[in-house]
Amino acid sequence: MSVTITGRPAAGTTNGGVPARRAVIRWALRMFRREWRQQVLVLGMLILAVAATVVGAGVATNTPPPSTAGFGAATASVTMPGSEPHLAADIASLHRTYGTVDVIENQAINTGSSQQAYLRAQDPNGAYGQPLLRLDSGSYPAGAGQIAMTQALATLYGIHTGGTWHQDGRSYRVTGIVENPANLLEEFVLVAPGRLAAPTQVTVLLDAQPADSGYGPHSHASAALPGLPQGAVAAFADQSTSASITPAAIVLVISVLGMVFVGLVSVAGFTVMAQRRLRALGMITALGATERNVRLVMTANGAFVGVVAALTGAIAGLGAWFAYVPSLQASTGHRISALNLPWWAIALAMLLAVLTSILAARRPARNISRVPVVAALAGRPAEPKAVHRSVLPGLLFLAGGISCLCFSGGWGGNGGKDTLLLLGGLIGVIVGIFKFAPVCIAVLSAAAGSRVPVAVRVALRDLVRYRARSGAALAAVSFATFLAMLICIVASVRFSNVLDYTGENLTTSQLVFYTTDHSPGSSRQAFTEIQAASLKQQMNGWASSVHATSVLQLDEAGATLQQNRDGNNNFSGPLYVATPQLLAQYQITNVNPDADILSMRPGFSSEPSMQLLYGDLGNPDQAPTIASNPVIEEVSDLPSGTSAPNTVISEHAVATYHLHEHLSGWLITTASPLTAEQISQARAIAAQAGVSMESKSGELGLGQIADSATVLGLVIALGVLAMSVGLIRSETDRDLRTLTATGASSTTRRTITAATAGALGLLGAALGAAGAMAAGIAWAHSSLTATFGNVPLLDYLLLLAVLPAAAAAGGWLLAGRDPARIARQPLE
């Protein structure tokens, strides 16, 4: 029998050289192909992380409209009123001064929606306006009596190409369907250039730069453009090339944090794989493999997992992105090129996936390579390190992270250095939590005294024994809780300004008919009694058809609010009158008779330097009358929608300041959500009557954001717990068999698994909550009241209470099955 030696170690080497490494890598590849099912969780999470980065980068890059969305190919625009007597001369003057110009004329038309629509005259082949106009079907209008309209208006009027549109006693033939690619939500009817007799607004696109470099992008200062006609306003496209944090970079930052989370979970998975291969690794060590060779087995396995996950995740992410582009176009309101992706960010995400997998595999590889050969052949894991060794590094990372967050600028951060400090601070806090995880497990186990049931003590002992797995699992659960709470904190700040109140405008079962513009000081004239009666009759008929539960008349008194501090911080939203019908609608009875303003906005009554403005607010030549420090009372029973009567002026104030009430509209509430057909019917009624209506838009409330973040955190944390508890309990199968053989019941086995999951859930919720609070306080230390004054405490309590309870309940329900018979553990 002859043996052929295909490779020989290099002279003077003690690790087998290149042939040994090549053999070890081939063996690792075979093991990866054989055991891919055992690694499917790590593979799946890495694939999901890469795919999410691809889709997220595409969404972040394409969601904001381009900086030149309103300018087309121009660098500036000049807007003039159509009533300007020297309009033609002014346009000619701009042409002489700046060369080529592109003129777009608009005339406002009423379509029954609170969103303005226009009759527009624009040259489809204009020098600068071509990117603002696109033909979807048919042809552009070419002569008198021809129009093209957007799809939304065509649907509203039930018109197709070739049909006839009637407006103001005239008939137009529809030649095509058009759109503004930069704003798909814009509704307009296109006529041929020069066919608009009485435009209300004229926009001139041209190539010009602001004369004063002190004006920033999108400046609206007339002095910034020489030769500007009287009454015209100039605006400039953002041509800035200064370095800034791009949306793709933000997504990449989030991807880094996500990879940290995936890496924490992957450590547990690779640790279990190393333990399962312990005897096989001991065998190759007995045959002469060095510690470096043994480490290479696991490291190569991690590299294979990372490469497969990166490629598969990129392909899956691109497929999901191409499928999502049409929906994203509809939600963002502008056309999107599917290939407009930050490829550099995608490449870095793929590289991060490979590096994450390799680094996650190196830690168990290093530990397993130090196991003595005899212990490895016997399948005994190495003794875990003392937990106190991770305390000092954890403190250092936490201190460094909190310091970075303190100096990152908080809400006043402006990118660049502040963003890097923010990222470094978050990573420092997360790593600090990871370092403290084993310590918390050991402390909890030591705190379990003799009075604790034996099954619980067994579970806590196993957590300490298999600290490499349980510590990584605890860190991952803590990260999920940390992220959910951090989202709640950040979201709550946007909802903390009671003057610039934000959130849902209306519920899905509410709709408002406006007889006047709902913003105070509107120039739209109130309806006459005859017009109001006719509209009310049509509206009541529609309300009956949709089974409305109430029709509430909304009145205004020509008043608004502002805060006279650090400039004028104006009140946002309508200020309706608190009529007896309105108070009865919301069952409000006990109010302060001296109150001027009633509001459900939390903290509004404590706002200083408030002023009530009233008078002829729509007249810029007449200053309004100001009443300082009106009496404001908070009434939580008022509705919370931004377009609903969340803040009202009392009849006491109306009488005191001699205000005059006038009809503003009607708020209709139905028992069930309104359908698209019902909303279209209401819009047709409003268009016919020359008024407008408003229904539920896409804004989210703080509760929705916080609840979504809480649910997401719970789902991720429970998923990690299910995987981690399964890994830990799988390593103690022999112990469970022994317990069963000595008479342990299914209740004992259920208690062990439930205690394992509950302990990890409790520690993870506590660590994550503490980390999020520390990070939030450090980052927003100069504005703690604004940051934490509106946080949803209920969501915090749900995370702290529901997570451990759900984990324990899940562990109890999924355990208890009799273990399989004792079998020989095979060599790999």
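The values are calculated or read from the model by the stated rules, or taken from the named source; none is laboratory data. Being a predicted model, the structure only gives us computed values, none of them experimental. Cβ coordinates were reconstructed from backbone atoms using ideal geometry, including for glycine residues, and neighbour counts include every protein chain displayed. Heads up: the accessible areas ignore ligands, DNA and RNA and are worked out on the full protein's heavy atoms, side chains in. Shrake-Rupley method; radii C 1.70, N 1.55, O 1.52, S 1.80 Å.
A few remarks follow.
- In the stretch 62-113, the residues that are of a type in the set (Ser, Thr, Tyr), crowded, with 18+ Cβ neighbours inside 10 Å and within 30 Å of LYS696 (Cβ to Cβ): THR111, SER113
- Taking (1) loosely packed, with under 14 Cβ neighbours inside 10 Å; (2) touching a strand residue (DSSP E or B) at 6+ places or on another chain (Cβ under 6 Å) in turn, GLY541 satisfies each apart from (2).
- Residue tally, condition among the basic types (Lys, Arg) and over 18 Å from GLN167 (Cα atoms), over the stretch 111-136: 1
- Residues in the stretch 750-776 that are more than 22 Å from ALA446 (Cβ to Cβ) and out of contact with any helix residue (DSSP H, G or I) (no Cβ under 7 Å at 6 or more places or on another chain): MET773 alone.
- Each residue in the stretch 779-813 was checked for being assigned to a helix (DSSP H, G or I), over 23 Å from the mean Cα position of the chain (by Cα) and at pLDDT below 70, and 1 of them qualify.
- Looking at SER519, SER509, SER523, just one residue is at pLDDT 80 or above, open to solvent by 20 Å² or more (accessible area, probe 1.4 Å), of a type outside the set (A, V, I, L, M, F, W, C) and out of contact with any Phe, Trp or Tyr (no Cβ under 9 Å at 6 or more places or on another chain), and that residue is SER509.
- Filtering GLU634, GLU677, GLU661, GLU607 for residues that are at pLDDT 75 or above, charged (D, E, K, R), open to solvent by 30 Å² or more (accessible area, probe 1.4 Å) and under 30 Å from LEU153 (Cα atoms) leaves a single hit, GLU677.
- Entirely in the stretch 241-341, the helices (runs of 4 or more DSSP H) that have 3 or more residues that are open to solvent by 20 Å² or more (accessible area, probe 1.4 Å) and either of a type outside the set (A, V, I, L, M) or at pLDDT below 70 (or both): 247-276, 291-332
- If the condition is being over 30 Å from LEU617 (Cα atoms) and over 36 Å from the mean Cα position of the chain (by Cα), then the stretch 530-564 contributes GLN537, GLN538, ASN540, GLY541, TRP542, SER544, SER545.
- Checking ALA623 against (1) in contact with an Asp or Glu (Cβ under 6 Å, 6 or more places away or on another chain); (2) without any contact (Cβ under 8 Å) to a residue 24 or more places away in the chain; (3) among the aliphatic types (A, V, I, L, M), the condition it does not meet: (1)
- Filtering the stretch 443-460 for residues that are open to solvent by less than 10 Å² (accessible area, probe 1.4 Å), aliphatic (A, V, I, L, M) and either touching a Leu at 6+ places or on another chain (Cβ under 9 Å) or under 20 Å from VAL267 (Cα atoms) (or both) leaves an empty set.
- Taking each residue of the stretch 671-689 that is without any contact (Cβ under 8 Å) to a residue 24 or more places away in the chain and looking for partners that are open to solvent by less than 80 Å² (accessible area, probe 1.4 Å) with beta-carbon atoms closer than 7 Å, six or more apart or interchain, yields nothing.
- Scanning the stretch 589-604 for residues that are among the hydrophobic types (A, V, I, L, M, F, W, C), within 19 Å of GLU661 (Cβ to Cβ) and crowded, with 18+ Cβ neighbours inside 10 Å gives ALA595, ILE597, LEU598.
- Applying the condition of being in a loop (DSSP other than H, G, I, E, B) and under 41 Å from the mean Cα position of the chain (by Cα) to the stretch 163-189 and asking which residue is surrounded by the most Cβ atoms within 10 Å (Cβ to Cβ) yields ASN180.
- Strands (runs of 3 or more DSSP E) wholly inside the stretch 527-602 containing at least 1 residues that are without any contact (Cβ under 8 Å) to a residue 24 or more places away in the chain: 568-570
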